[in-house]
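The values are calculated or read from the model by the stated rules, or taken from the named source; none is laboratory data. This one's a predicted model, so the numbers in the text were calculated from it and none came from an experiment. A quick note on method: Cβ atoms are made from the backbone with ideal geometry, for glycine too, and the neighbour counts reach across all protein chains shown. When the accessible area is computed, the model is the full protein with side chains, heavy atoms only, and any ligands, DNA or RNA have been set aside. Shrake-Rupley method; radii C 1.70, N 1.55, O 1.52, S 1.80 Å.
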Amino acid sequence: MPPPRRPLGVVTRGTTNPNRLRRVDNWIAARCAGPLLDAVDPLVVDLGYGATPVTAVELRARLAAAVRPDVRVVGLEIDPVRVAAAAAAADPPRLTFARGGFELAGLRPVLVRVFNVLRQYDESAVGPAWRTMAGGLAPDGLIVEGTCDELGRLATWVLVDSSGQPRSLTLAPRLATLESPAALAERLPKALIHHNVPGTGVHALVRALDDGWRDAAAYATFGPRQRWLRTVTAVRDAGWPVLDRPARWRLGEITVAWSAVAP
């Protein structure tokens, strides 16, 4: 029997909070359900769940309720102390925890959610990490990699396909507390955050959202949702390749093709 593969990666800070990843979980349930519904084994990996297993527990519950009840979530962490501490939250076979990193512990998941992990790495590590994870996916599997603030009020993520190539970027602020879309710049994924400078696609996108939000100030009378809808409509009408529909915009989201923001 071959020896277990050494986990790839480093131990990160592990900060987490309940409901911190609610926005991305709900997006996954809505936009990534197809591969999970088609899979013989609907396996999802929550990579780098942190100091407590709460976000893995929530991911399993949300996908079971919204996609299929037999979805299986495995939380992976490099730190063996965190793996041991998570054991009390396990509910085999639907929710388990193990030691692993970007090599995915030899699993073949349909989907990997990896949040607030790569932001703690150098940008040069992002592409190799995407490709390593993609190499462990089931056929047509997906990776959702991103970052958010401590309470999940500002979140951004990249959808990466099974070849390790990014497909789209999603920006998702909590509209009730949003003062300006410019605040999202602080939480851009590692692949983009250092490229948020004049002359780049991601800078232009954030600027377009900020300008649209300011121009839609009159709609604030009807609430932040209507103001955001007007903002995203203006961005789309200006030619940005917006991939989602108003039903998602109403939730405080915008998803654009990666080609528009690629460094």
Qualifying residues in the stretch 172-222 (those that are in contact (Cβ under 8 Å) with a residue 60 or more places away in the chain and more than 25 Å from LEU151 (Cβ to Cβ)) - the one surrounded by the most Cβ atoms within 10 Å (Cβ to Cβ): GLY201
Looking across the stretch 9-47 at residues that are out of contact with any helix residue (DSSP H, G or I) (no Cβ under 9 Å at 6 or more places or on another chain) and of a type in the set (D, E, K, R), the single one that is nearest to GLY252 (Cα to Cα) is ARG23
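Do we have ALA51 as touching a helix residue (DSSP H, G or I) at 6+ places or on another chain (Cβ under 8 Å), of a type in the set (A, V, I, L, M, F, W, C) and at pLDDT below 95 here? Explain how you work it out, then say what you get.
Values: touching a helix residue (DSSP H, G or I) at 6+ places or on another chain (Cβ under 8 Å): yes; of a type in the set (A, V, I, L, M, F, W, C): yes; at pLDDT below 95: yes.
Taking the combined requirement at face value, the residue satisfies it.
When the stretch 143-169 is examined, which residues are found to be assigned to a strand (DSSP E or B), open to solvent by less than 10 Å² (accessible area, probe 1.4 Å) and of a type outside the set (S, T, N, Q)? Lay out the reasoning, then the answer.
So the first thing to find is which residues in the stretch 143-169 are assigned to a strand (DSSP E or B), and the list is 143-148, 154-160, 166-169.
Then keep just the ones that are open to solvent by less than 10 Å² (accessible area, probe 1.4 Å); that gives 143-148, 155-158, 160, 168-169.
Residues satisfying the conditions are ILE143, VAL144, GLU145, GLY146, CYS148, ALA155, TRP157, VAL158, VAL160, LEU169.
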Which one is most open to solvent (accessible area, probe 1.4 Å), of the residues in the stretch 75-90 that are more than 12 Å from PRO53 (Cα to Cα) and not β-branched (Val, Ile, Thr)? PRO80
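Within the stretch 35-68, how many residues are in a loop (DSSP other than H, G, I, E, B), touching a residue at least 60 places away in the same chain (Cβ under 8 Å) and open to solvent by less than 40 Å² (accessible area, probe 1.4 Å)?
Within the stretch 35-68, the first condition is being in a loop (DSSP other than H, G, I, E, B), and the residues that meet it are 39-42, 48-53, 67-68.
Now drop any that are not touching a residue at least 60 places away in the same chain (Cβ under 8 Å), which leaves 39, 41-42, 48, 50.
Next cut, open to solvent by less than 40 Å² (accessible area, probe 1.4 Å) only: 39, 42, 48, 50.
Result for the stretch 35-68: 4.
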